[in-house]
Amino acid sequence: MEFFRYLGANTRESFTKLGRGSYFLIGMLAGISSVLVRPHLILKQMHSVGVLSFLIIFISGLFVGMVLGLQGFYILSRFGAEETLGVMVAASLVRELGPVVSALLFAGRAGSALTAEIGLMKATEQLSGMEMMAIDPIKRIISPRFLAGFLSMPLLAALFSAVGIMGGQIVGCGLLGVDDGAYWSQMNAAIDFQKDIINGVIKSLVFGFITTWIALFEGYDAVPTAEGVSRATTRTVVNSAFSILGLDFILTALMFGDN
Amino acid sequence: MDNRGHHPNQNSLVSVHNLTFSRGEKKIFDNISLEFERGKITAIMGPSGTGKTTLLKLIGGQLFPENGNIMVNGRDVHHLKRDELYTLRKRMGMLFQSGALLTGMNVYDNVAFPLREHTHLPESMIRSLVLMKLEAVGLRGARDLMPNELSGGMARRVALARAIALDPMMIMYDEPFTGQDPISMGALVLLIKSLNTTLGLTSIIVSHDVYETAAIADYIYVLSEGKVVGQGTPQEIKESSSEWVQQFMNGAADGPVHFHYPAKEKYMDDLLHCDKSLFSRKRLFGEKPAKRRRYS
Ligand SMILES: Nc1ncnc2c1ncn2[C@@H]1O[C@H](COP(=O)(O)OP(=O)(O)O)[C@@H](O)[C@H]1O
Ligand SMILES: [Mg+2]
C-alpha cells in the first residue's frame, strides 16, 4: 500500500513538473523574438556557454580520436583493411561520438553552470527584483541563454569531431604507419554529407535544445536555498545525460535504421 | 482616533481592502484593510514572520490574494493585463531586503539597468542620470565596484539608487534598517526621509525597527497574526493603550505575543514521550543507514 502511495505521489509530481517545464519552454521560446533584436545579449552568453567549453571539448575530442585510431587500427589490421581507418574514425565521430560525447561534456560544463547561475539568481531575489522593475526575467535572462546553448552545441560537436579526426590521424598515420593519403581519401569517398554530416548536426541541435532547456528550467524551478540549488545542479547533469543517451538511440534508429 | 483603515481615502495612492491571504494552512492576512497616503511615509510594523514581505509582494502583483483587492493609483493590481501590470510596476520602486542587485554587473550598470531596458536614451544621457542617482545616495565614487565588494548598507543604497532610476511614484522598502550598523542606519533613515520630500514619493516602509521607523513615519500600522492590532501616528502608537502594541514597541519578551511558538503537547509530556525508534537496533548498531529518498 505504502508503495502505491509513493508511486502515485511520485508520478503526480513528475507530471506537474513536466507541465511546469512545458509552460516554461513556451515562455522561453516566445521570448526569443525580443532577443533577436539585441544580438549582443546572445553573443555574451555564447561566450560563457560556448567559448569557455572550448578547451574541454578540444582535449576530449583529441583523446577520443586517438583512442579510436588505436582500437580501429588493431581491428581493421586483422582484416588487412587499415586503409579504411579514416572512414571508421570519421563515421564514428560524426554520427555518434561527436554529438553525444560533446553533449554530455556540455551538460557537465555549461549546463550545470547555467542551473547554478539561474538558481542563485532566484535564491538572491534577483529574478524577483527584475520582475518588480517590470523586466521579464524569462525574456531578459533565460531566452538569450537558451539561444546561446542551442547554437553553441552543433559548433562544439563539429569541433569535437574535427579534432577527433586529427587525433585519429596522429595515432593511425603518425604512430602506426597507415598511409596519410589513404586515411583522407577513403574518408572523403565514404562519408556522405547528407547522411552523416547533416544527421550529426541534427542530433547535436536536438541535444543542445534538450540540455539547455533542462539546465535553465532546473535553475528556474530550484528551491531557492543552497541545498535546493545544489540538488538542481545534480538533476541537470543526471537528467541531461539520460535524455541525451535515450534520444540518441531513438534518433539513430530513425536516421540509420533502414539499412 | 482615525478612520483611514475603513474608508477609502481620496488621498490614498495604495489601498488594501479586506485582504485575505494564506500560505498552506496558515492565514497570513485575515481580512485587513490599509491605506497609504500620497506623499507620506507609511510604516507597517510587526514581528518577523507576520507577512510584511508578503504584503509588499501582494502590492507589487507578484502574489495573488484569496480575497479582497489592492488598488494602486486607482487601478486594481490583480485585475490588470500583464503589460498593464508591467507599466504600473515601472512606477513602483521596490527595495528588497537583500538589495537583489544583479551580481554579474558593477554598480554603475546595475543602476543603468532599468534605464537601458525601458528607455531608448543615448548612453551619454544614461550616464548623467546614473551619476545623479548615485550622487543622491552618496555612492558616485563606488560606481566601478561589483556587488560582492559592497557592504550591506552600501548594497542597499545602490539598490535604492536603482529603484529611483525611473522616477517612480512610490517606493516600498523591505526592512531597510535590519542588519545595519548605527552609522549606515542613520544614513538610510535620512536618505529615505529626504528622498520622500525632495522627489515627492510615497513611501511604504516595512520594518520591525521601532525607533528608526517611528522617527520618520507619518503613519504606522502594527500587524500581528494577520490582523491590524494598532494604527495611528507615531505619537498615537507610543501612547496606545493596546497591550499588544506596548509589548511590541517596548520589546518585552512575553505578553500577548508569547515567547513560545505554540506546541501541540505539554513540555513534560513531550519530554517523557520519547521516540522509541531512537533506541532501535538500527540506530544503536547502525545496521543500515536511513534510505535516501532519491539519489538525483
Ligand atoms: N514561499 C513561501 N512558501 C511558503 N510559506 C512562505 C513562503 N514565504 C513566506 N512564507 C511564510 O509566510 C509567512 C510570512 O513571511 P514573510 O512575509 O516573509 O514575513 P516577514 O517579512 O514579516 O518576516 C512566514 O510564516 C513564512 O514562513
Ligand atoms: Mg521579510
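Points to keep in mind about this one:
- The aspartates and glutamates whose alpha-carbon is closer than 14 Å to the alpha-carbon of B:LYS52, local same-chain residues fewer than 8 away aside, are B:ASP30, B:ASP174, B:GLU175, B:ASP209, B:GLU225.
- Taken over the stretch A:39-256, the convex hull of the Cα atoms encloses 123 Å³ per residue.
- Interchain or long-range residues, amide H under 5 Å from B:SER224's placed H: B:VAL229
- Distant alpha-carbon pairs in the protein assembly as shown (separation over 29 angstrom), percent: 65 percent
- Compared with its chain on its own, the stretch B:82-120 contains the following residues whose accessible area drops by 50 Å² or more in the full protein assembly (probe 1.4 Å; ligands, DNA and RNA excluded): B:TYR86, B:ARG89, B:PHE96, B:LEU102, B:PHE113, B:GLU117.
- Under 22 Å from the Cα of A:LYS195 - lysines, other chains or at least 8 residues apart: A:LYS203
- Summing Cβ point charges (Lys, Arg +1; Asp, Glu -1) relative to the Cα centre of the protein assembly as shown gives a dipole of roughly 480 debye.
- Buried on assembly, the stretch A:121-135 (at least 10 Å² less accessible surface than by itself, 1.4 Å probe): A:THR124, A:GLU125, A:GLN126, A:SER128, A:GLY129, A:MET130, A:GLU131, A:MET132, A:MET133, A:ALA134, A:ILE135
- The HN-Hα couplings worked out from phi for the stretch A:184-192 by the Karplus form 6.51 cos²θ - 1.76 cosθ + 1.60 (θ = phi - 60°) are 6, 5, 4, 4, 4, 6, 8, 7, 9 Hz, whole numbers, x standing for Gly and Pro.
- Distance from the C-alpha centroid of the stretch A:183-259 to that of the stretch B:153-176: 43 Å, rounded to the whole angstrom.
- For the protein assembly as shown, with +1 on Lys and Arg beta carbons and -1 on Asp and Glu, the positive-most of A:ALA241, A:PHE79, B:GLY138 along the dipole: A:PHE79
- For the stretch A:208-219, backbone phi angles converted through the Karplus equation (6.51, -1.76, 1.60; θ = phi - 60°) give residue-by-residue couplings of x, 4, 5, 5, 5, 4, 4, 4, 5, 5, 4, x Hz, Gly and Pro being listed as x.
- With Cα atoms as the point set, chain B shows a radius of gyration and Dmax of 22.8, 74 Å.
- Nearest-0.05 FRET efficiency for A:PHE63 and A:TRP184, computed from C-beta distance (R0 22 Å): 0.55
- This model, with +1 at the C-beta of Lys and Arg and -1 at the C-beta of Asp and Glu, gives the stretch A:39-256 a dipole about its Cα centre of some 340 debye.
- Amide H to amide H, with H built 1.01 Å from N, B:LEU13 comes under 5 Å of B:PHE36, B:GLU37, B:ARG38, counting only residues 5 or more places away or on other chains.
- For the options A:ILE165, A:ILE191, A:ILE135, a Gaussian network treatment of chain A with springs between C-alpha atoms closer than 10 Å singles out A:ILE135 as fluctuating the most.
- With the simple spin-label model, which puts each label point 7 Å out from Cα in the Cβ direction, the A:GLU2 to A:PHE249 separation comes to 3.2 nm.
- Partners for B:LYS40 among aspartates and glutamates (Cα-Cα distance below 14 Å; same-chain residues under 8 apart left out): B:ASP218
- Mean-position separation - Cα centroids, the stretch B:188-214 and the stretch A:1-51, in angstrom: 40 Å
- Pairs exceeding 25 Å between alpha-carbon atoms, taken from A:LYS122/B:LYS90; B:LYS193/B:LYS238; B:LYS26/B:LYS238; A:LYS44/A:LYS122; B:LYS26/B:LYS264: B:LYS26/B:LYS238.
- Heavy-atom accessible surface of the protein assembly as shown: percent carbon and sulfur, 1.4 Å: 61 percent
- In this structure chain B gives 54 Å² per residue of accessible area when probed at 1.4 Å with all protein chains present.
- Interface area, chains A and B: about 2100 Å² of buried accessible surface, summed, with a 1.4 Å probe and ligands, DNA and RNA left out.
- Between A:GLY167, A:GLY98, A:GLY208, the GNM of chain A built on Cα springs shorter than 10 angstrom shows A:GLY167 fluctuating the most.
- FRET efficiency, A:SER77 to A:LYS44 (Cβ-Cβ, R0 51 Å, nearest 0.05): 0.55
- Phi angles across the stretch B:176-191 convert, under the Karplus curve 6.51 cos²θ - 1.76 cosθ + 1.60 with θ = phi - 60°, into 3J(HN,Hα) values of x, 9, 4, x, 9, 6, x, 6, 6, 4, x, 4, 5, 4, 4, 4 Hz, Gly and Pro given as x.
- Diagonalising the gyration tensor over the Cα atoms of the stretch A:189-259 and scaling each eigenvalue by 5 before taking the square root yields semi-axes of 34, 11, 8 Å, largest first.
- Selection from B:GLY104, B:GLN180, B:MET169 lying farthest towards where the dipole of chain B points positive, charges on Cβ: B:GLY104
- In the stretch B:80-144, trypsin sites (Lys or Arg not before Pro) in a DSSP loop with at most 16 other beta-carbon atoms within 10 Å: B:LYS81, B:ARG91
- Amide H contacts of B:LEU95 (H built 1.01 Å from N, under 5 Å, at least 5 apart or other chain): B:MET172, B:TYR173, B:ASP174
The values are calculated or read from the model by the stated rules, or taken from the named source; none is laboratory data. This is a predicted model, so every value here is computed, not measured. Glycine also receives a Cβ, built like all others from the backbone with ideal geometry; neighbour counts cover every protein chain displayed. These accessible areas exclude ligands, DNA and RNA; they are computed on the full protein's heavy atoms, side chains included. Shrake-Rupley method; radii C 1.70, N 1.55, O 1.52, S 1.80 Å.
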